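Step one of this worksheet: look at the structure below.
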Amino acid sequence: MLQALLNKTKGDRWIWLIIILLSLISVMAVYSATGTLAYKKGETVEKLLLTKHLIFVLMGIGMIYIAHLLDYRYYAGISKVLMIVTIPLLFYTLIFGTNLNDASRWVKIPVIGLTFQTSDLAKLALITFLARMLTKKQENIKNVKESFIPIMGSVCVVFVLIALANLSTALMLFGVSILLLIIGRISIKQIAIVCAGGFVLLLFVFFLGPRRKTYMSRINTFMHPEMQHSDKTFQADQAKIALATGGVFGKGPGNSTQRNFLPHPYSDFIFAIIIEEWGTVGGIVIMILYLVLLYRCIKIVTRAPKAFGALLAAGLSFSLTIQAFANMAVAVGLGPVTGVPLPLVSMGGTSMIFTSVAFGIILSVSRDVEENAKLTPKEEKINNKIIVGEIPAIA
């Protein structure tokens, strides 16, 4: 059975290796970082790990495998459904979502009782939708009415709805969207208009939004830490202590001290715990893994036979790597505190599932690249005709 699964496993082998390595690092890091959480819940670390995180890691790998087997072209049709579901869901989250730190980011799933961040679904929905729209509108890509307004509208609506509760995620998604617009041959003038519109919306959210006080406080704390009360700089200070005491080779696995002080050592600040235990060497290894991931994804983009596949792989890979480096930047004090997890490493339920789906879609594009490379010119021509006949929107 295992051999049969391995035979069906396609796609870039380096990306599969990165997924396995990040998953193993995640299990070890979360196991070490959840001691305090387990104590508060009255459970052993082993029970907490086995009953939650390890299950989601295995589910994530399963989702990657399933997603990579599905022809990536079908995600074009799925993206329309996702956008139809996502926008009302973001509205619902703002009004009825579970509140934490004055932010409505989570929605509880009925029956099973799990909560998830709707912004995770929104990232996947917007990137796949943009890839579809940019591919579909290529013939009239400079047309303002037919192409620019629908594309800009989808970006701005999702940006505002996410930014009202989660500005950091909204900004990263907006940045990825701009990169996709550039790759999708949107004119510089139109991109400048999108950026100007995004800046106006940012000012609105920052100065008039429901979380304006939180955003201003975090920016002021980051820019002028010496002028702030110690409570406001607590997380950043504890992360810096973890970095300083980790040294070059770290204290060793399971020997973290700051996990007992950092509020979220298993999610937002897991990179600081990794450096404390594995040292600067461990931190560099994590960075290299994400950089290799980006490099392999760029190779997929350049070799993809279809525009939709190239845009899809580009958008998802940019999103994953930007999020990873944003998390690491916060952990080492290069940015204000945010709630951005480290992809495929931080402890998280549904966020890990959505991240895994993104990896699976990238591997699906990679699988198509490999299969096309094996086709003769005649077979490729026949294959393209079948594709165009079945799914004309993304050919």
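The values are calculated or read from the model by the stated rules, or taken from the named source; none is laboratory data. All values derive from a computational prediction rather than experimental measurement. As a convention, Cβ positions derive from the backbone with ideal geometry for all residues, glycine included, and neighbour counts pool all protein chains shown. SASA here: full protein model, heavy atoms, side chains in, ligands and nucleic acids out. Shrake-Rupley method; radii C 1.70, N 1.55, O 1.52, S 1.80 Å.
For this structure, a couple of remarks:
- 1.4 Å probe accessible area per residue over the range 138-287, in Å²: 49
- Accessible surface of the range 123-272, 1.4 Å probe: 66 percent of it comes from carbon and sulfur atoms.
- Net +/- balance of residues flanking I19 in space, Cβ distance below 15 Å, scoring K and R +1, D and E -1: +3
- In Hz, Karplus ³J(HN,Hα) per residue of the range 20-27 (6.51, -1.76, 1.60; θ = phi - 60°; x = Gly, Pro): 5, 5, 5, 5, 5, 4, 4, 4
- Shape category assigned to the range 196-325 from the gyration tensor of Cα positions, a/c cut at 1.5: oblate
- Amide H partners (placed H, <5 Å) of T115, local residues excluded: I109
- The range 169-264: trypsin sites (Lys or Arg not before Pro) in DSSP loop, at most 13 other beta carbons within 10 Å: R185
- The largest accessible area among F56, F354 belongs to the first residue in F354, F56, and the rest follow in falling order (1.4 Å probe, all chains).
- Cross-link pairs K80/K137; K10/K136; K108/K232; K52/K232 - those with Cα-Cα distance over 23 Å: K10/K136; K108/K232; K52/K232
- Global form of the range 132-291, assessed from the alpha-carbon gyration tensor, a/c cut-off 1.5: oblate
- Surface listing: V200, V357 arranged by accessible area from highest to lowest gives V200, V357, probe 1.4 Å.
- Shape class of the range 78-218 from the alpha-carbon gyration tensor: oblate, with a/c at 1.5 or above and b/c at least as large as a/b.
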